[in-house]
Ligand code: IPE
Ligand code: IPE
Ligand code: MG
């Protein structure tokens, strides 16, 4: 049997928490709690099987439209995770997890962005797996931010507009220096990107399942990778 290729970078849109809770007559926040535990499990598993980069979509720039109590419950879960990361600093270092928070910092409560900074700082030297957690993330906002950074260079005379390349955009987005995702997984039976990694997903393979995120297992993750192995990635060539 041919050996299975593990994608270098996987993106996951963690969707379906609300429906999972509804099916059980629970508040939506319970679905988010269950989803957060699956996030931890899949993160560890990705490391175990040798994935180098993984990006989890946790909160979009559009998710602020949800009821305030739901937004507050999500922020509390982010706080729990961040405190836990602080407590497990040594363990995470051993695991080699380098954590990055990608998204727009403005608008996120300050105590949380401060914890983003310490968590990133403390995991900086780890190097086995890069874990991106997308919070207050929107692909369009990310590209807009990149355009602003490039425009500033043009204004200061550092860069000629004629010399702007795709690489300049790639160098100014939140995932600068990382490879684009090979595979994007979306559970919960939706077939859309919902503003996730718009620039980076130009040639990503897409895999969906009806399973809701809190029910998603390492076996499902393996199924996605197996399926990825059967895809012919042509990148426009023959
Ligand atoms: C994903 O689950 C979590 C976030 C978007 C923060 P949802 O809360 O979107 O769950 P559904 O789609 O309503 O089931
Ligand atoms: C996408 O899920 C955002 C995250 C998983 C964080 P949504 O549930 O917000 O997406 P839509 O609204 O169904 O497109
Ligand atoms: Mg949803």
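All Cα-Cα separations within region 115-164 were binned at 5 Å from zero, giving a P(r) of 4, 15, 16, 13, 14, 16, 15, 5, 0, each value a whole percent of the pairs. Full extension of the chain between residue 152 and residue 87 gives 19.4 nm of extra length, using 0.36 nm per residue less the Cα-Cα distance.
Over every Cα atom in region 7-76, the radius of gyration and the widest Cα-Cα span, Dmax, amount to 13.6, 39 Å.
On the principal axes of its alpha-carbon atoms, region 124-238 has extents of 53, 37, 31 Å, going from largest to smallest.
Between 25, 138, 50, which gets the highest mean-square fluctuation from a Gaussian network model of the chain, Cα cutoff 10 Å? The residue that fluctuates most here is 25. For region 1-120, the square roots a ≥ b ≥ c of the C-alpha gyration tensor eigenvalues yield an a/c of 1.5 or more together with a/b not exceeding b/c, which makes the shape oblate. Each of the peptides 63-71, 3-11 was scored by the mean count of other Cβ atoms within 10 Å over its residues; in descending order, highest first, they stand as 3-11, 63-71. Centre-to-centre, using Cα atoms only, region 124-140 and region 26-103 are separated by 11 Å. Normalised Debye scattering of region 96-187 at q = 0.10, 0.16, 0.19 Å⁻¹ gives log10 I(q)/I(0) of -0.34, -0.81, -1.04, counting only Cα atoms as equal scatterers and leaving out solvent.
Computed with the Debye formula from one identical point scatterer per Cα of the chain, without solvent, the log10 of I(q)/I(0) at q = 0.07, 0.14, 0.17 Å⁻¹ comes to -0.24, -0.97, -1.40.
Readers should treat all values here as calculations from the given coordinates under stated rules, not as data from a laboratory. Fair warning: this is a prediction, and the values are worked out from it, not measured in the lab. With ideal geometry, Cβ positions are generated from the backbone for all residues, glycine too; neighbour counts draw on all protein chains shown.
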